[in-house]
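The values are calculated or read from the model by the stated rules, or taken from the named source; none is laboratory data. Everything numeric in this text was worked out from a predicted model, so none of it was measured. As a convention, Cβ positions derive from the backbone with ideal geometry for all residues, glycine included, and neighbour counts pool all protein chains shown. Ligands, DNA and RNA are excluded from the accessible area calculation, which covers all protein heavy atoms including side chains. Shrake-Rupley method; radii C 1.70, N 1.55, O 1.52, S 1.80 Å.
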Amino acid sequence: MTVMPQETPGLNWIKSSLSYANGNCVEVADLGAGNVGVRNSRYPGGAILQFTPAEWHAFVGGVLKGDFARFGRP
C-alpha cells in the first residue's frame, strides 16, 4: 500500500450501497493497472490509499470470509 497525497482528477469514486447518508464511509476507485484507491468520503481532497491488485484481493477475500466482522462494533 502507498499513500497518494491528493485526489487524482478523472477518477470515478463509488461508495457501498450500504453507506450512510451522513458521509461516514469510504470510497473506492479504479486507478488503472489493477490498482485500487480508497479515500475517506468526508475528505475527498485528502490522501488516497493505493493498493496493488494482490493487496486488494487479499483484503476483499478477508472481508468475504468474515475475518474483519468483529471490527467497528461497540
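Quick notes on this one:
- Of all the residues in segment 33-74, those that are open to solvent by 30 Å² or more (accessible area, probe 1.4 Å) and part of a strand (DSSP E or B) number 5.
- Pick from segment 14-32, criterion within 18 Å of residue 72 (Cα to Cα) and not in a loop (DSSP other than H, G, I, E, B), ranking: most open to solvent (accessible area, probe 1.4 Å): 15
- Residue satisfying all of: in segment 1-13; at pLDDT 70 or above and either in contact with a Gly (Cβ under 6 Å, 6 or more places away or on another chain) or assigned to a strand (DSSP E or B) (or both); surrounded by the most Cβ atoms within 10 Å (Cβ to Cβ) among these: 4
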